[in-house]
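**Student:** One structure follows; several queries about it will come next.
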Amino acid sequence: MLALGGVGVASVAAWLAPLGWPFELFVHFQPQYGVTAALLAIAFLVLRRPTLAAAATIIAVMHLWPTGQGLRALPSGARCSGEALTVVTANLSYRNTDPRPFVDWLTREPADLVLLQEVTPEWAAALEAVPGYPHRRLLTRTDPYGVGVLSRWPTGRLVAQDFAGDGLPSLVGPLSTDRESLMLAVVHTHWPLLPGLMSRRDQVVSRLAQEVRQHRGPWIVGGDFNLSPYSPVFRRLLDESGLQETRPRGAWAPSWRSDFWPLAMRIDHVLVTRELCAEPSEVGPEIGSDHRPVRVRLRLPVAG
């Protein structure tokens, strides 16, 4: 009964997420609430407590049906039967002192575009060993907010944008494939444990949406958003920018703390505008970071 009460209180806090901090912190764990409530429902049935079993079932259904509420996965179609483009976003962890797992994985399974977060000078040196990326832009820092881009395709001038006005950069600029010109952005927002940090995260999200709206055409945006798809802030980003999620509705597959189920969530995303189509994506292997990389295969429109 205490467990059911705890899940109930957390659920109420999650439903109040539009009010902001601290309620928004609870909304990211909806799969955990749903699974816990389902297990409690089974336990109460075994204990012949039908009223409590019914209450737990209602909570489970509200969190798990439909799973992934708010996701907007892109369908692949004939209009996007053109050139394929593989994108990886990876939070490397500025405390990760062993670059070999990521470097080896990216060497074995290269992408066309790699969007990086928590890039330190040591990581920049280690990435020199990764072949096949003649176009590089790395803004290194000794804290968690260095960002970078590795690209097989030519990039124009990638500009450091301070979306929250706090000195932390995002990278924004053009990318040119053989047949298509796109815009790209890589972001790493604040972890929103305190009201001020949440406010700055939300400023980045709002300014990013403005940037995408102002530059029409296809966009690829990736990074560590510190936002799960269950957050109203994430849904507001999609609504205001026209960006869409590239991973399917209901695909949980957490990229952060995937080694610890109670905290696991999807906060690393690749988002694109509707000019592009998404094919099956995957979460990559452990790389010594508290995040796992996300790989997405995109399909460009048919030329002409």
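**Student:** If you plug each phi of the range 286-291 into the Karplus form 6.51 cos²θ - 1.76 cosθ + 1.60 with θ = phi - 60°, what whole-Hz ³J(HN,Hα) values come out, in order, with x for Gly and Pro?
**Tutor:** 5, 10, x, 9, 7, 10
**Student:** Right, something else. Any chance you could run the full-extension gain for Glu240 through Glu83? It's 0.36 nm times the residue separation minus the Cα-Cα distance, nm to one decimal.
**Tutor:** Working: separation 157, 0.36 × 157 = 56.52 nm, distance 2.79 nm.
Full extension from Glu240 to Glu83 adds 53.7 nm.
**Student:** Students sometimes get this wrong: rank Leu263, Leu127 by accessible area, probe 1.4 Å, all chains present, largest first.
**Tutor:** Details: Leu263 65, Leu127 0 Å².
Result of the area sort, largest leading: Leu263, Leu127.
**Student:** Residue by residue through the range 145-153, which ³J(HN,Hα) values in whole Hz follow from phi under the Karplus form 6.51 cos²θ - 1.76 cosθ + 1.60 (θ = phi - 60°), with glycine and proline marked x?
**Tutor:** Couplings: 10, x, 10, x, 9, 10, 9, 6, 9 Hz.
**Student:** Still on this model: May I have the pair-distance distribution P(r) for the chain, computed from all Cα-Cα distances with 20 Å bins from 0 and rounded to whole percent?
**Tutor:** 33, 54, 12, 0
**Student:** Oh, and also: Give the long-range amide H neighbours of Leu175: residues separated by 5 or more places, or on another chain, with amide H under 5 Å away, using H modelled in the peptide plane at 1.01 Å from N.
**Tutor:** Those lying under 5 Å, H to H, from Leu175 are Gly156, Leu182, Met183, Leu184.
**Student:** Also, I was wondering about something else. With the cut-off at 1.5 for a/c, could you classify the range 246-304 from its C-alpha gyration tensor as rounded, prolate or oblate? Working shown, then result.
**Tutor:** Values: a/c = 3.31, a/b = 2.33, b/c = 1.42.
Here the range 246-304 falls in the prolate category.
**Student:** What whole-number value in Å² describes the accessible area per residue of the chain for a 1.4 Å probe? Provide the component values of the computation, followed by the final result.
**Tutor:** Details: 13310 Å² over 304 residues.
Normalised by residue count, the accessible surface of the chain is 44 Å².
**Student:** Report the dimensions of the range 205-304 along its three principal axes from the alpha-carbon atoms, largest first, rounded to Å.
**Tutor:** Principal-axis extents of the range 205-304 (Cα, largest first): 45, 29, 24 Å.
**Student:** Which value in deg cm²/dmol, rounded to the nearest 500, describes the helix-derived mean residue ellipticity at 222 nm for the chain, given -39,500 (n - 2.57) per DSSP H run of n ≥ 4 and division by the residue count?
**Tutor:** Values: 7 runs with 92 residues, N = 304.
About -9500 deg cm²/dmol.
**Student:** Residue by residue through the range 170-181, which ³J(HN,Hα) values in whole Hz follow from phi under the Karplus form 6.51 cos²θ - 1.76 cosθ + 1.60 (θ = phi - 60°), with glycine and proline marked x?
**Tutor:** 10, 10, 9, x, x, 9, 10, 8, 4, 10, 9, 10
The values are calculated or read from the model by the stated rules, or taken from the named source; none is laboratory data. Remember, it's a predicted structure, so these values are computed and weren't measured experimentally. For the accessible areas, the whole protein counts, side chains as well, though only heavy atoms, and no ligand, DNA or RNA atoms are used. Shrake-Rupley method; radii C 1.70, N 1.55, O 1.52, S 1.80 Å.
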